[in-house]
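Here the structure comes first, spelled out in structure tokens, and everything after it is commentary.
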Amino acid sequence: MFNYYFGLAVRSLKRNIVLTVLMIAAVGVGIGASMTTLTVFRAMDNDPIPQKSRQLFAVQIDNWGPNAKGVGTGDSENFQEQISYLDAVALMNARAAHRQSAMYVTGAALTPSNPDVLPFQVQIRAAYADFFGMFDTPFLMGGPWSAADDKGHADVVVISRELNDKIFSGANSIGKMVNLDNHEYRVAGVMGSWEPVPKFYDLNNNAYGKSAEVYLPFTRAIDSQMQSWGNNNCNGIAGEPGWEGRLRSECVWLQFWAELPTAADVEHYRSFLSNYASDQQRLGRFTWPAHTRIRDVREWLVYQHAVSTEVRILVLVSFSFLLVCLLNAMGLMLAKIMGRAGDIGVRRALGASRRAIFGQCLIEAGVVGLAGGLLGLFLTALGLMGLRSLLSEEVTRLTHFSPADITIAVMLAVVATTLAGLYPTWRAAQVQPAWQLKAQ
């Protein structure tokens, strides 16, 4: 029966090509506009590490107090987005989490061993060995450095696959040396492809940018006085001059993440963090009550507004446009069906039930939705191409069409168009055969 109704629907659509094309175009344009924005929104709102997003926590400590003044002094709860070196070292030494790492982004000039290749700058992430296990980073060759390397301030690095291809032509580089700012570092591992979107562990510094090319021990970076390339905030108080002054100051410039696998671990760490801040108060460093917070990955993304309000509004506007397109398609369907009232009356007079008329017209609406969905996919692809040409490299990394997006687009078109066709279909089923035959 479905095949019969489908054949009738196709023949009906062929009878009035102009109206059919207009209906498909209305649906396709609406789907194209809404899916272009939805694709980017879904990528920005993506859980970058779903297998562990409820176990990884960003740590916040209020080390400026309620009277902090100036730009960037904190959120409505007076929390800063990063922590100070004093707090980072104290938390690392306490080892209260299953895994933990203080980190920051920096950089250096890399001088290749090949004299034909000119030196170039690389982005470096200074972190602890726990970084790799905590974030499930894949390795192509070798592995991370050890906790002993952290303690020993070792001259070791982990490099990205892209950098390994560039300076070692993709060969096994484990044990080879890399020159960073005229200092030699031994390669301990080569990471596989790892590009979490957004870069949840450091949303303060180019949240949608590429991951670092080089990773080295946090302790080694501090010894080498590698300046932060990221967000630095001192609440208007410069403190003592020089590198050592920065380390002793209350400036916030480090990210700190802890892995807490169980609910008991989470509660224990909350208590530990609160007790730590209370100790700082008793020591005279803080003159306000303990004020700390930990947030898991999903909470952190919301807190940091990883998806901006403007993007959410754009999605809402695009779906409102889709609704307008569907209303236009519904009007065209109604006009088409009413134009066929005589044919429908004849079918009813020959014994076709209202259910049969309803089924045929509903399938016809579904066919229009399917065609409109396919057109919408094409227009979405064009829209994403346009975004790639207009937006920055970081944003264009989000503009890809996944199988899930294709499924959503086609299903949305078919379901939405079928729903929009319910009223015209109902009107078709109400046609009185006697009236139409008399009019003939």
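The values are calculated or read from the model by the stated rules, or taken from the named source; none is laboratory data. Bear in mind the structure is a predicted one, so any value in this text is a computation, not a measurement. In this analysis, Cβ positions are derived from the backbone assuming ideal geometry, glycine residues included, and neighbour counts consider all displayed protein chains. SASA here: full protein model, heavy atoms, side chains in, ligands and nucleic acids out. Shrake-Rupley method; radii C 1.70, N 1.55, O 1.52, S 1.80 Å.
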* Accessible area expressed per residue, the range 91-177, with surrounding protein chains retained (probe 1.4 Å, Å²) -> 44 Å²
* Order these peptides, 27-37, 253-263, by their mean beta-carbon neighbour count within 10 angstrom, highest first. => 27-37, 253-263
* **Label-reachable residues, the range 145-161, where backbone N falls under 17 Å from a point 7 Å from LYS176's Cα toward its Cβ** => 156-161
* Say each of PHE139 and TRP288 gets a label point 7 Å from the Cα, pointing the same way as Cα to Cβ; how far apart are those two points in nm? -> 4.3 nm
* To do: Grab the Cα-Cα distance for VAL89 and VAL415, subtract it from 0.36 nm times how many residues apart they are, and report the gain in nm with one decimal.
  => 111.8 nm
* **Sites TRP229 and ASN114, calculated FRET efficiency, Cβ-Cβ separation with R0 25 Å, nearest 0.05** => 0.45
* Structure fact -> Net charge (Lys, Arg +1; Asp, Glu -1) of residues whose beta-carbon lies under 12 Å from that of ALA129, ALA129 excluded, is 0
* Structure fact -> So, with points 7 Å from each Cα along the Cβ direction, the PHE321-GLU195 label distance in nm works out to 2.7 nm
* **Above-threshold pairs, the threshold being 26 Å between Cα atoms, out of LYS166/LYS210; LYS52/LYS176; LYS52/LYS166** => LYS52/LYS176; LYS52/LYS166
* For ASP149, what charge total do you get from the other residues with a beta carbon under 14 Å from its beta carbon, if Lys and Arg give +1 and Asp and Glu give -1? -> -1
